[in-house]
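Below is one structure, written out as structure tokens, with a few remarks after it.
The values are calculated or read from the model by the stated rules, or taken from the named source; none is laboratory data. Here the structure is a predicted model, which means the values were calculated and not measured. So basically every Cβ, Gly included, is an ideal-geometry build from the backbone, and we count neighbours across all protein chains shown. Please note that ligands, DNA and RNA were not included when accessible areas were found on the heavy atoms of the full protein model with its side chains. Shrake-Rupley method; radii C 1.70, N 1.55, O 1.52, S 1.80 Å.
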Amino acid sequence: MAITVAGPRGLLRELRQTMADAMGAQDRLDKIVKLIADNMRADVCSFYVLRDDGALELFATHGLKSEAVHMTSLRLGEGLVGRIAAEAEPLSLSDAPSHPAFAYRPETGEDPYVAFLGVPVLRAGQILGVLVVQNAETRVYREDETEVLLTVATLLAEMVSTAEFDNLIKPGSDIELRRPRMIEGQVLSEGIALGQVVLHDPRVVVTNFVAEDTDAESERLERAIRTLRVSIDDMFNHGDMQMKSEHRDILESYRMFAYDRGWVRRMREAVAAGLTAEAAVERVQNDTRARMQRQSDPYIRDRLHDLDDLANRLLRVLTGDLKVFGARELPDNAVLVARNMGPAELLEYDRSRLRGVVLEEGGNTSHVAIVARSLGLVAVGQVDNIVSLSETGDDIIVDATTGTVQLRPPPDVEATYADKVRLSAKRQARFAALRDKPSITKDGQEIALFHNSGLIADLDALEETGADGVGLFRTELQFMIASKLPRLGEQVELYKEAIAACGDKPIVFRLLDIGGDKVVPYIRSAAEQNPAMGWRSLRLALDRQGLLRTQVRALLQAAEAKPLKILVPMVTESLEFRQAKNVIEKEHERLVRNGQTPPESIQIGAMIEVPSLLFELDRLLPMSDFISIGSNDLVQFLTAADRTNPRVSRSYDPIALPRLRALRLIAEAAENHGKPLTMCGELAGHPVEALALMAIGITRLSMAASSIGPIKELVRAVNLAPIREEVLAALGNEDPFLSMRDLIKELAARQALPV
Ligand code: PEP
Ligand code: MG
């Protein structure tokens, strides 16, 4: 029996006392390693801390030579200690010197010790150091001893992250935990933001590690697990069945883990060893995070992520920290960091304090990205591991011109960015100066520029950009943020406000486009394999005519005596458009019958975002007053590549030949029928893509407000006719290697255009 009578619980109690006693950081560490050695009857206990240069420095030892403290170090991967750190796995050896990785350090006086047990010191999945015990006699460490050492390591990890620990760090070096990080992601909403991290779903910080009363802790853990299970079951049973399949996947894996016996057993063991329930969850969560970091299989990584989220939920149940989003205090330069979030969650934050958003997931056309753009927030997605690497309050720079995130940036990086921000402010000033200038090409082609919008808050920007109006008002955003179905009166109010905010400029209201990734919690339907191609948008509206009629009624009332433009989304065939028009016409008749003031005029347009409609344009156009292309969905369906999944959507260039030919077909048909055509998908807001669209004859572009300036600058600089000629000729080119993007870039370069 290697553990003393005091046992692990006694050790934890003594450690807690040591943590609380007033003493210097080094004395505290020295006392801790001695307590561990005594309790585990080890001859040596040493604690190594990982520095930002990748070296593991000996910070404290009992048993090795004290002169070696802060003098000896091993590289990551070097020796047994380096190996434990590199692999984030415990290592137990009865005869360490015979192990091929053994690295002898004469200055430590390590020679007499043969038995070796080392464990990683982890926090939030990051390796902070290594804790080792050694014995002179050959012996095999038992599994429960490894458990004890791992538990103690959790305690040390907390100590390393305190300010007190900073006193032990040599001048000029730092510990790995605070190392600056640069991580590449994908631009979701352009711009540069400097600010402070606010974790959207903050990790619960465990402060009380050692149990006073193990039976009580064990009861708390059991109760919390029961509560957690009930809440997951509830979400599953009563949740929105139309939710995105990936949300369902996450819930399913939550449920699987919540009932996983291994997970629960490991937490129970940790409580039995003397930890509080919170510390037990944290201890087991650390192992999960370490496994997560080593995992290259994306599926398993995702599942480990889910387990991590679930453990955080359990911690919240235990600490009673179930605060709602947005209720938190935000710094006035907040950068939200999250694994992912829905558009409604983003909207719950105080916009005036938000600078940016950084997500581990999130594709360019996902709705959270669209909302970030419409709020003018800088956003980057696909940023690996950002949640576990950052802490609330860390400095962060979000460079959404390149898709780079700088976490805890060093001063020189910060200075460079401060310069960049000044430059970008100059750029903004340049755009602002274009506000009242006409959007017309050098050779006289007018290009009308509109906003994509969906919130009253983002309509203010119309004044700043001087755009021609709102080309797409996504009415579903109001439904997505509401907790229950907005009533007729509420809808009328919102539409009236939107019309008023536009003044004399036109606004195109798109009818409800819910379903797919636009989850509306109070509209439930059966689970679907492919929600993007399921019961959504116009299909849902035509089936649920009550919903559609109410919205149309609200729009007609809100327009009062002004002209009204209504856009019908996701039209799959012209017959559906006809049916939607019938509803609008009937509501119009009803309004007149009731003696209410009808709009001065009603124009009804169809959205072209389902490929089938391309082969029916000659039937659709005569009954449409205008049409609008939704490139986000159209490209998704043309390429059979999910718009919310960058892994596939990134592979297909939306302006590659087949897509551009499809767009040209629509432009030609609109020209032939003399009907106005607007592009309102995300394509129109990107300079190279916008140039391609102008070249194929699309002269009305609707985009996020932040894109108006750059696109107007481009419009005013271009001589369109020669570009149009070459691009139209290239559309007929059969060369299999021709890249339309390269061609357009080359044509832009010839005119030195700002793309
Ligand atoms: C589109 O599909 O391009 C579009 C504008 O609609 P949404 O992005 O709202 O689906
Ligand atoms: Mg769409």
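Bridgeable aspartates and glutamates around Lys170 (alpha carbons under 13 Å apart, same-chain partners fewer than 8 residues away excluded): Asp52, Asp53, Glu57.
Which of the peptides 738-750, 701-713 is most tightly packed, and how do the rest follow, judged by the mean count of other Cβ atoms within 10 Å per residue? Can you show the working numbers first?
Details: 738-750: 16.4, 701-713: 24.4.
Put in order of decreasing packing, that is 701-713, 738-750.
Within the same chain, lysines fewer than 8 places from Lys442 are excluded, and of the rest, those with a Cα less than 18 Å from its Cα are Lys712. Amide H contacts of Leu122: Leu128, each under 5 Å away and 5 or more positions distant or on a separate chain (H built 1.01 Å from N in the peptide plane; Pro and chain starts excluded).
The candidates Met623, Met182, arranged from most to least accessible area with a 1.4 Å probe in the full protein assembly, appear as Met182, Met623. Which listed residue (Val160, Leu50, Gly118) has the Cα farthest towards the positive end of the charge dipole for segment 8-178, taking +1 on Lys and Arg C-beta and -1 on Asp and Glu C-beta about the Cα centre? Positive-end residue among those listed: Val160.
With a 10 Å radius around each residue's Cβ, average the other Cβ atoms per peptide and rank 682-695, 62-75, 330-343, highest first.
Highest to lowest by the protection proxy: 682-695, 330-343, 62-75.
Set against the 2.2 N^0.38 Å expectation for a compact globular protein, the chain has a Cα radius of gyration ratio of 1.13. Ranking of Glu734, Glu190 by solvent-accessible surface, largest first: Glu734, Glu190 (1.4 Å probe, protein heavy atoms only, all chains present). Listed here are the pairs Lys426/Lys505; Lys437/Lys562; Lys565/Lys675; Lys437/Lys565; Lys437/Lys745; which of them are more than 22 Å apart at the Cα? Violating the 22 Å Cα-Cα cut-off are Lys426/Lys505; Lys437/Lys562; Lys437/Lys565; Lys437/Lys745. Straight-line reach from Lys31: taking Cα to Cα under 19 Å and skipping same-chain neighbours fewer than 8 places apart, the lysines in range are Lys65. Applying D = kT/(6 pi eta Rh) to segment 531-664, where Rh is the Kirkwood radius over alpha-carbon pairs, T corresponds to 4 °C and eta to 1.567 mPa s, the Stokes-Einstein value obtained is 80 µm²/s.
Based on DSSP H segments of at least four residues, each scored -39500 (n - 2.57), the chain has a per-residue ellipticity at 222 nm of -14000 deg cm²/dmol.
Rounded to the nearest 20, the Cβ-based charge dipole of the chain about its Cα centre (Lys and Arg +1, Asp and Glu -1) stands at 1760 debye. Against the main long axis of the alpha-carbon atoms of the chain, helix 143-160 sits at an angle near 60°.
Structural size metrics of segment 595-721, computed from C-alpha coordinates, are Rg and Dmax of 15.6, 55 Å.
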